[in-house]
Every structure is written in C-alpha cells, then in structure tokens.
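A short write-up of the structure that comes next.
Nothing in this text is a laboratory measurement; each read-out follows from the coordinates by a stated rule. Values in this document were obtained by computation on a predicted structure and should not be read as measured data. No Cβ is skipped: glycine too gets one built from the backbone with ideal geometry, and neighbour counts run over all protein chains shown.
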Amino acid sequence: MGGPLKKRAKFFLSVIFLLIPIHILIPQNSTTRVLVDITLNQKTPNESGTILTGFVIRELRKLNDIIIVDDNEDFKINILMFENRTKTGDSLGYVISTIFLAPDTCEGYKSYSYLTSSLSTAKKSEFEVTAKNIAVYFDQDILKVYRK
C-alpha cells in the first residue's frame with residue numbers, strides 16, 4: 001500500500017537534488033565589459049564623433065550582456081574617423097575604421113592584442129546604420145567565440 005507512490009516521490013526528489021548542483025555550475029548573467037574609444041582627425045567635427053559614439057554605445061547596450069566601461073575592459077573598440085572634404089570644403093562623408101582589441105598585460109604594461117578590424121564609409125545621416133553594423137559585427141564575429 002502506497003509503495004508505488006512512495007517510490008515515485010523518492011524518484012522525483014532524487015531528480016530535484018541532482019539538478020540543483022547542475023544549476024549552480026551554470027554561469028548566471030555573465031557580462032562583457034567594453035571600452036569604446038574614438039579618435040578624430042583635426043578636420044573632423046567633434047559633434048560627428050559624439051553622435052557616432054552615442055549610436056555605437058546604444059547598439060552595444062542592446063546586446064544585454066554588455067557593460068560600457070572606462071577601464072578594466074574585456075574588449076576595446078577603437079574607432080578612427082576621418083571626414084572627407086572637397087577642395088571647396090564640402091563634406092563628402094566619413095571614413096570609419098573600427099579596430100577590435102583585447103587587453104593584454106606584458107611585463108606590467110597594459111597593451112592590446114589585435115583581434116580584427118573593419119572599414120566603412122558613411123554620411124552623417126548613415127551613422128545609426130553604421131553603429132548597428134559595428135555592434136552586429138562585434139556580437140557575431142568576436143563575442144560569439146568569447147561566449148563559448
């Protein structure tokens with residue numbers, strides 16, 4: 001009497017106790033710390049750099065497991081931005097070089113290891129799309145490997 005029910009209860013309790021240690025071993029909410037740095041040439045307006053940087057940071061934050069930091073980063077995204085102008089001063093758009101780096105310490109000095117880079121051109125009206133492309137590239141080509 002009650003034998004099969006008692007065996008089932010013991011079985012379910014055993015399964016629950018076995019699953020608890022597995023749940024503890026799985027990393028919970030791991031985040032990646034990213035530093036975004038931008039360098040402009042002398043003729044590129046600071047406003048353009050600020051706009052592009054803001055879009056890139058916004059797109060990276062949408063990835064949910066990214067924290068934007070000023071130091072102690074896991075990755076550094078270095079954006080080099082140059083405005084192309086005609087001889088008369090009309091803007092032709094921007095050349096944007098994005099370099100993805102990982103910090104490295106060598107003999108006590110902080111240095112960076114080159115991971116990959118991308119080169120694009122954009123008009124100011126295309127900064128938002130450019131920022132999305134940078135975030136997608138970082139997520140799919142770099143973080144995909146890091147998350148494994």
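Taking a sphere under 15 Å around the Cβ of Lys76 and counting the other residues whose Cβ falls inside, with K and R at +1 and D and E at -1, yields a net charge of -4.
Applying a DSSP loop filter and a limit of 16 other Cβ atoms within 10 Å to the GluC sites (Glu not before Pro) in the range 99-148 leaves Glu107. Packing order of peptides 31-38, 84-91, highest average first: 31-38, 84-91 (average count of other Cβ atoms within 10 Å over each peptide's residues).
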